[in-house]
Amino acid sequence: MDKINKSFQDLLNRKQFTLKIIDEPERVVYQGQLDAGNGQIIDFGATLTKSDILSIGQIVYNNIAYCSDDSQRPFWLETINQINLEHGLYYYLGMEKNGRIFLRHTGLVAQDIIPFFNMLVSGSEITSQILTLLTEKTNEQ
């Protein structure tokens, strides 16, 4: 196993942070779920390319919200853009063609895996804040 993913898995074990691990040819995928309250479960995942020195890391919180009505798409895109401009720093919101809204972080990960882990953990708090902002925006509409 490459050094970066081994270090990450060792850290997950030490922190007792249980994730499903999927070993793919070019990367390792880590999957989990966040209980966002009110019965909403948000799937999240992290990926690290296989490398001993420098890896590409990505963290995605899926299904933050969903735009099911194409007539509402401009509202959602404007809202996402506004939140990204006002609050975006390490994470950003995006919307796929199917209306799925997600929160994503990408970056380079070196052998010190702790900053990537901290970014993963902080993503749950950021997700909660984003859900509050989105609720406020949709209530204002």
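Using every pair of separate Cα atoms, the Kirkwood estimate puts the hydrodynamic radius of the chain at 16.0 angstrom.
Distance between the C-alpha centres of segment 111-141 and segment 3-40: 17 Å, rounded to the whole angstrom. Using a Gaussian network model of the chain whose springs link C-alpha atoms within less than 10 Å, name the residue from 47, 18, 106 with the highest mean-square fluctuation. Looking only at 47, 18, 106, the biggest GNM fluctuation is shown by 18. Diffusion coefficient (Stokes-Einstein, Kirkwood radius over C-alpha pairs, 10 °C, 1.306 mPa s) for segment 32-82: 116 µm²/s, rounded to a whole number. Diagonalising the gyration tensor over the Cα atoms of segment 1-53 and scaling each eigenvalue by 5 before taking the square root yields semi-axes of 24, 13, 7 Å, largest first.
Cross-link partners of residue 20 among lysines, defined as those whose alpha carbon lies under 28 angstrom from its own and excluding same-chain residues fewer than eight positions apart: 3, 6, 50, 97. As a fraction of the 1.4 Å probe accessible area of the chain, surface on carbon and sulfur atoms comes out at 49 percent. Annotation: residue 90 carries an accessible surface of approximately 140 Å², with a 1.4 Å probe and no ligand, DNA or RNA atoms counted.
For a straight C-alpha distance cut-off of 20 angstrom, the aspartates and glutamates reachable from residue 137 (same-chain residues fewer than eight places away being disregarded) are 69, 70, 78, 86, 96, 125.
Choose one answer from 104, 14, 27: the residue with the largest mean-square fluctuation in a GNM of the chain with alpha-carbon springs under 10 Å. Highest fluctuation among the options: 14. Average accessible surface for segment 32-104: 56 Å² per residue, computed with a 1.4 Å probe over protein heavy atoms with every protein chain in place.
In terms of accessible area, using a 1.4 Å probe and ignoring ligands and nucleic acids, 50, 20 rank largest first as 20, 50. Extension gain, residue 16-residue 29: 0.36 nm per intervening residue step, less the Cα-Cα distance, totals 2.9 nm. Between residue 56 and residue 106, the contour length at 0.36 nm per residue exceeds the alpha carbon distance by 17.3 nm.
Could you work out [θ]222 nm for the chain from helices alone, using -39500 (n - 2.57) per DSSP H run of at least four and dividing by all its residues? Round to the nearest 500 deg cm²/dmol.
It comes out at -13000 deg cm²/dmol, rounded to the nearest 500.
The values are calculated or read from the model by the stated rules, or taken from the named source; none is laboratory data. What you are looking at is a predicted structure, and each value in this text was computed from that prediction instead of being measured. Areas reflect the complete protein model, heavy atoms only, side chains present, ligands, DNA and RNA absent. Shrake-Rupley method; radii C 1.70, N 1.55, O 1.52, S 1.80 Å.
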